[in-house]
Amino acid sequence: MNDRKRAWNGVATAVMIACSLPAAAARAQTADLSSLQPRVENGRQIYEAAQFARFSPRTALDMVRQVPGFTIDTGDDDERGLGQADENVLINGARISGKNIDAFTFLGRISASNVVRIEIVDGATLSISGLSGQVLNLVTQADQASGLSGNFKWEPQWRRAGSNWFAGEASVGGKLGKGEFTLSIENDARRNGVEGPEQITNRFGNLLFERDEVARYREDQPKLSGSYSLTSDAGSVFNANAAYQLYRKRESVKTDRTQAGQPDIFEYYSSREDEWNAEFSADYEFSLGAGRLKLIGLQRFEHSPVSDFFGQTFFDGVTPPNGSRFDRVTDEGESILRGEYGWKTAGGADWGISVEGAYNFLDNIGALSELDAQGIFQPVPLTNADSKVTEYRGEMIGAYGRALSGNLALQATLGGEYSKISQSGARGESRSFVRPKGSVSLAWKPQPNLDLALKIERSVGQLNFFDFVESVDVSQNNGNAGNPGLVPPQSWRAELEATQKLGPWGSMTVNIYGEKFSDIVDSIPITATTEARGNLDSATSYGVELVSSILFDPIGWRGAKLDFEGELRRSSLRDPLTGVYRRISDDKIFTYEVNFRQDIPGSNWAWGAGAEDSRYSKTLRLDQTTKFRTGAPYTWAFVEHKNIYGLTVKVELGNLLGRSENFTRAAYGTILGQPADLDPPFMRGRRNGPLGFVEDRSRQFGLIYKLSVSGSF
């Protein structure tokens, strides 16, 4: 039995045990504060802060990660505008303010000592439009003590490819006048590296040549951010957030290419990006008439120079070096104004209306150049690389919610969106769209330990502005012509979520969903030899998600729990080239993550292990297919001590099963010249034509050693 089957069988066994426990859970008595069994009050599952003491949490995030059966969902991080709430975490009943900070980051800045309790509630029962299913509300102390407090974490790691000493974060907060402030600095630093062989074969499986590759990747994202919040005596609330971030990426692949009977070739690929971005946002909420009005403003700007190079050096003493370079400088910006007004009427109904206006732009300058015989870069004309894409967008949504009975609640939204997208340059044009959107959600609690949530939603997707402009991938010799004719995709989505609380045994949540897309974006032909991202008529997808936590305290294994999160997904669309139905390009097939942890009673020690894996469908262009796959699940084990001179220290060893990263590319077309030629040219074709060659590689990255040191002050 292979490792993936073992992981799935272990998870299946845990799920079968959990499914047999609801009856026993219903008979269980309320546990003391050392357990993770919540009390139920007005339909909310409430965890007191003291229930997480066994984990010795430093931050609110440390506590939330231990809530049985709950997983943070940050929504769509790439969505332009603010829109309705789609992140399933609230702070004192309110959405997290700003776009530059998500739930993980915000919770990581709240000291555990400031947490009063954690509440789990169905989103459809709240007066916040857009939420459904399990939502976490973190309740903090109303008045923070005077003085400063903070948290810090340092997370170095070591691997065969090098060391990473610079990953970490620190935050400090306290009273400032009548309000509260937080300052933080963080660096999501990464140092990755893989190496291994690659074989290139022709359509008959005969070896053409081999490559021995060494890849290295460095990334630093230092970020400085601050926030300020103030609540007046009259109940008005003001929030302000600001952030400035640098992004530095360096990537290289060094390749020794060998071919029987021919001199060797050295190939080199490099990519670098030096970005900076800044964001400021503020909101003000106050009473007005019979309700409350919230005004929100946001401004964001990003500057991103990128340079990619690929070259070959020949050792035959005759052939001159060749190379190509693609340089791009992109400026992006976003300006948002939003207003939200909500009020209650007789009978307990919640009403709301929101209006949002946004301006987004992408200003791109791109240049392709190639080495000539004298080793000088010569420009290659591009028709759609220098262009500016702008969008003016307006949205209005009305919301209504009320309790239909003691255990049934309704939330409904209805509205629409107007957008005008314009593009400058040689192929520029301007178009406008009006799209309806809305949702209906029902929350039902048929039993004390069972919550059901049904949601049907009509949504409008957002376009990637880079799909409008021409670009070149010099490492794969691919191009995207850019398509000014793109239209926003739309979808209908229905989902049913069931959460079964298992009392002292934990919790289990199952979500079944289905989606119907129109105008989905995929690769389409532009000319007989070029392609770009374009719209296809329709596509479908459906799947199931499972999140569960099994606690072993009832069988005497105190402090031990098993968390599982997984998804199975299926999709279908008609291929624009072959006419055959297939999966959506690069679409999720399955993912899973299993985590075991035991906090040893009566000590500061904890230990655990975990595994994760995923599969995605092929990425399809019109002239080739690519597929990434893993050789084994990524597995890890850790030991943690919660009080070493007041610090929490965790040591982790990763990649225990020797996971590899595997890649296959099938290119369609015809190899010109003779098989013995040193580097014969290749004439590209289409996927419905003959196969030209196949690249197949496997890269290893070895064991990963991680250290985490965290503390509070």
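Listing for the model above:
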{"quantity": "Segment 127-181-segment 87-125 distance, computed between alpha-carbon centres (Å)", "calculated": "10 Å"}
{"quantity": "Rounded to 10°, Cα long-axis angle of helix 3-19 versus longest principal axis of the chain", "calculated": "20 degrees"}
{"quantity": "Accessible area per residue, Å², segment 516-563 with all protein chains present, probe 1.4 Å", "calculated": "44 Å²"}
{"quantity": "Diffusion coefficient, µm² s⁻¹, Stokes-Einstein with Kirkwood Rh over alpha-carbon pairs of segment 411-456 at 37 °C and 0.692 mPa s", "calculated": "231 µm²/s"}
{"quantity": "Space enclosed by the convex hull of the alpha-carbon atoms of the chain, per residue, Å³", "calculated": "171 Å³"}
{"quantity": "Global size of segment 328-417 as Cα Rg and Dmax, reported in angstrom", "calculated": "25.1, 82"}
{"quantity": "Burial order of peptide ranges 407-416, 308-317 (average beta-carbon count within 10 Å, highest first)", "calculated": "407-416, 308-317"}
{"quantity": "Karplus (6.51, -1.76, 1.60) ³J(HN,Hα), θ = phi - 60°, over segment 227-239, in Hz, Gly and Pro reported as x", "calculated": "9, 9, 9, 8, 10, 7, 4, 7, x, 6, 10, 10, 10"}
{"quantity": "Surrounding net charge for TYR228, when Lys and Arg each add one and Asp and Glu each subtract one, Cβ distance under 12 Å", "calculated": "0"}
{"quantity": "Packing-based ranking, highest mean first, of 97-103, 300-306 given that Cβ atoms within 10 Å are counted", "calculated": "97-103, 300-306"}
{"quantity": "HN-Hα J in Hz across segment 557-563 - Karplus 6.51, -1.76, 1.60, θ = phi - 60°, x for Gly and Pro", "calculated": "8, 6, x, 9, 8, 10, 10"}
{"quantity": "Residues listed by number, segment 186-203, amide nitrogen under 14 Å from PHE663 label point at 7 Å toward C-beta", "calculated": "193-200"}
{"quantity": "Estimated vicinal HN-Hα couplings, Hz - segment 683-700 in sequence order (Karplus 6.51, -1.76, 1.60; Gly, Pro = x)", "calculated": "9, 5, x, 10, 5, 8, x, x, 6, x, 7, 10, 9, 9, 10, 9, 10, 9"}
{"quantity": "Where labels lie 7 Å past Cα in the beta-carbon direction, separation of PHE301 and ARG203 in nm", "calculated": "5.4 nm"}
{"quantity": "Packing-based ranking, highest mean first, of 236-248, 577-589, 472-484 given that Cβ atoms within 10 Å are counted", "calculated": "472-484, 236-248, 577-589"}
{"quantity": "Carbon plus sulfur fraction of accessible area for the chain, probe 1.4 Å, in percent", "calculated": "57 percent"}
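The values are calculated or read from the model by the stated rules, or taken from the named source; none is laboratory data. Computed from a predicted model, the values in this text were never measured in an experiment. Because the Cβ atoms are built from the backbone with ideal geometry, glycine has one as well, and the counts that use them run over all protein chains shown. For the accessible areas, the whole protein counts, side chains as well, though only heavy atoms, and no ligand, DNA or RNA atoms are used. Shrake-Rupley method; radii C 1.70, N 1.55, O 1.52, S 1.80 Å.
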